[in-house]
Amino acid sequence: MDKFLRRKDSSSRTDDEEPSTSVTKNLKKIVKRKYDEDYIKYGFSWCGDETAPRPQCIICGDQLSNESMVPSKLKRHLYSSHPSCANKDKQYFKRCLEQNKKQKKFMKSAVTVSEKALEASYHVVKLIARQKKPHTVGETLIKPACMEIVRLMLESNEVKEVNKVSLSADTVKRRIHDMSSDILGTLIKKLLSAEKFALQIDETTDIKNKAQLIAIVRFVD
Ligand SMILES: [Zn+2]
């Protein structure tokens, strides 16, 4: 009887132990590994959240999980994926890292400039459309004028940036088309969601004796 009780007791103990081990397992999972400056010798820097950094390969840019932030796993990646770099020293990887950073910066600045140029192009085209000016006004007047203003009032190297804004007749035509189809799409969406709307259509002829159809729509937005 005692034995039985003890057994039961011991078994209950193991039952108690099991959840506790699972708790420690959970804790182990939560453990966040930190980046060690020394890991650069395995060709790794880090990225992502500072509290749970992820190892990033300097050579191929691959990102591993935070759990892989241990020398053995970093070493395994280096030896299996980049055997030619396995015997390189810290200095080599540091140089690679610096180069990567420079390239990233260059790429980022190139992207932001082209994005800005694109936005500027749309804004100028909107002005051209609103003033009902010919599509060629962008390349024949607006852009040269802007470049002159920037050259005289700002620095001459800024002129290059202004030159990146595309304002050719084809671009102006395409952007106007883009914007009008976007407006049309938005209007149709709004009309479909509005319960009621009034449509007024009128026809007329312009000075060239060509038929023009005017449609006016009213709705509660
Ligand atoms: Zn790699």
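Each reported figure results from applying straightforward, stated rules to the coordinates on display, with no laboratory input. Since we're looking at a predicted model, the values are computed, not measured. Please note: Cβ atoms are built from the backbone with ideal geometry, for glycine as well, and neighbour counts cover all protein chains shown.
A compact table of results
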{"item": "Segment 136-221: relative contact order as a whole-number percent, Cα under 8 Å and 6+ apart", "result": "21"}
{"item": "Choice from LYS173, LYS126, LYS196 showing the highest fluctuation, given a GNM over the chain with Cα pairs closer than 10 Å", "result": "LYS196"}
{"item": "Furthest towards positive pole of dipole, ALA129, VAL31, ILE214, structure part the chain, Cβ charges", "result": "VAL31"}
{"item": "Cα centroid separation, segment 109-159 to segment 184-221 (Å)", "result": "32"}
{"item": "Square roots of five times the Cα gyration tensor eigenvalues for segment 129-221, Å", "result": "38, 19, 10"}
{"item": "Cα-centre dipole for segment 137-187 with unit charges at Cβ (Lys and Arg positive, Asp and Glu negative), debye to 20", "result": "100"}
{"item": "Listed residue (PHE197, SER180, ALA86) projecting farthest to the positive dipole end of the chain, Cβ model", "result": "ALA86"}
{"item": "The chain, relative contact order in percent, only Cα pairs under 8 angstrom and at least six apart counted", "result": "11"}
{"item": "Helical contribution to [θ] at 222 nm, DSSP H n ≥ 4, -39,500 (n - 2.57), averaged over the chain, rounded to 500", "result": "-19000 deg cm²/dmol"}
{"item": "Packing-based ranking, highest mean first, of 207-217, 143-153 given that Cβ atoms within 10 Å are counted", "result": "143-153, 207-217"}
